[in-house]
Each structure stands twice: as C-alpha cells, then as structure tokens.
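What follows is a single structure, written as structure tokens, with notes after it.
The values are calculated or read from the model by the stated rules, or taken from the named source; none is laboratory data. Everything numeric here is computed off the predicted structure, so don't read it as measured data. Cβ placement follows ideal geometry from the backbone for every residue including glycine, while neighbour counts extend to all protein chains displayed.
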C-alpha cells in the first residue's frame, strides 16, 4: 500500500514529522499564491527516503466572486492564478499535466459536473472527502464523482498543521518517487479514500471549516489582487505576458 495526502497547504519540519507519524508515504504540497519554482524547491528540501513531497499548484481560475479551483500536478512550466478556466485547462493540456478537482460543486469556488464534463479529457480525479466539507458536501462530491465517472481522491486540504494526515488516498501498489505518484493519478491506479474518525477528527474538521473565514476575506482580496504585485498574478513579469489574453484581473 502507498498512502498519499494529495493536498497540503503548508510544509515545514513539523508537517513532515506529523505526516510520517500518520503513516503517510507522500504528500502533495500546493500552497496558495506561490510560484511553481518556489514550491518545487521546498518540496525537494523536505523530501527524503521516508516521505515523498510532490509539488502541486491549486490554480484559482475566473474572478474572485466566481472562481473555480483546479489542482495541477506534473507541471513543467508555471501557471498563474486568475486566468479564465478555459485558459488554465488549455495550458494544463499543453503541458501534459494532471488535473484534480478539489472540493467539487462547493459554493462558488469549485468545478461542477458541467465544467468537469467539458474538460473530461484533461481532468483525472474528483475529491470525494474534504475535512472542510460538511457531511452533505462530501455526499454531493461523491455523487459528482459517480456522475462524471472520474476516479476519486481524498485529501486533508490542510491549512493547519494538525489536519495533515487526517485524510489520505491509499493506492494498492507501492510507488517510488514523485513522478510515480503523478502517474498513478494520471492513469487512474486502484485506490481507496480513507480518513480518521472520532471526536479528534471532528475537532480538526471544525477548525479547518472556521479557517474559511480568512480564506474568503476582503482583506486578503485587496492584498492579493488589487495591488497586482503578488507572485502568481497573471500580469506579473515572471509570466512574460503569456497569459495577458486570458487574465481576468
């Protein structure tokens, strides 16, 4: 068996220690608004023979009020936030990356069945358990996976260290290195979605749900987008104007 937590927002020695203590073999590190190069460097720094750290990007497509998140693995070049969904999916397809659907059909931040069907050839799995979700949200996510026919995955979506390893995706075959993890998602390898249970897990879920208040604050919006200077803003010099035609800000 090979256990992966496919969506973690923070990475340091404490996160690595907790992941190992939880019996994980790999995590996907995909922080918000951080360039791919920095993510890769940090992933290399914290990977060792006991824990594989896979770099990922949760790209925010569309406008702040109607944004659709796509978790991208296996990217060879950086992709900015706040470009059109079609622009992001075209770039993911061009690079031959892996597209995962986090928290499907959730509020105004997620892909629904219609978008998943439209980009079925570029997307590889739908998240069916997320600690930030209420039970009804997870039920709806499982329905989306069934309806679209995509493979399932589960993640801690940890914005707080204590949530790392609360949820994991367990592959039937052992994997070796970050490329094999990406390939397993790309090829739809056999897996199960598992999570911890009981009062402690409930506390972690409530803590992560409460964290949504900051994630959606106007203060954060002003800091990130109105200034236009954040590292993953589509007009940042790092992207060399390649995404100007699909930028929404």
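Taking the listed residues 68, 9, 20, the one that is surrounded by fewer than 22 Cβ atoms within 10 Å (Cβ to Cβ) and closer than 26 Å to residue 120 by Cβ is 68, with no other qualifying. Looking across the stretch 33-46, the residues that are surrounded by fewer than 20 Cβ atoms within 10 Å (Cβ to Cβ) and touching a residue at least 60 places away in the same chain (Cβ under 8 Å) come down to 33, 34, 35, 38. For the criterion of being assigned to a strand (DSSP E or B) and within 17 Å of the chain's Cα centre (by Cα), residue 27 passes.
The residues listed here are 183, 163; of these, the one that is crowded, with 17+ Cβ neighbours inside 10 Å and either modelled with pLDDT of 95 or more or more than 21 Å from residue 48 (Cα to Cα) (or both) is 163. Based on this model, can you work out whether residue 100 counts as within 15 Å of residue 57 (Cβ to Cβ), in contact (Cβ under 8 Å) with a residue 24 or more places away in the chain, surrounded by 23 or more Cβ atoms within 10 Å (Cβ to Cβ) and in contact with a helix residue (DSSP H, G or I) (Cβ under 8 Å, 6 or more places away or on another chain)? The answer is yes for residue 100.
Which residues, taken from the stretch 215-249, are over 21 Å from residue 86 (Cβ atoms) and modelled with pLDDT under 60? Answer for the stretch 215-249, where residues must be over 21 Å from residue 86 (Cβ atoms) and modelled with pLDDT under 60: 217, 218, 219, 220, 221, 222, 223, 224, 226, 227.
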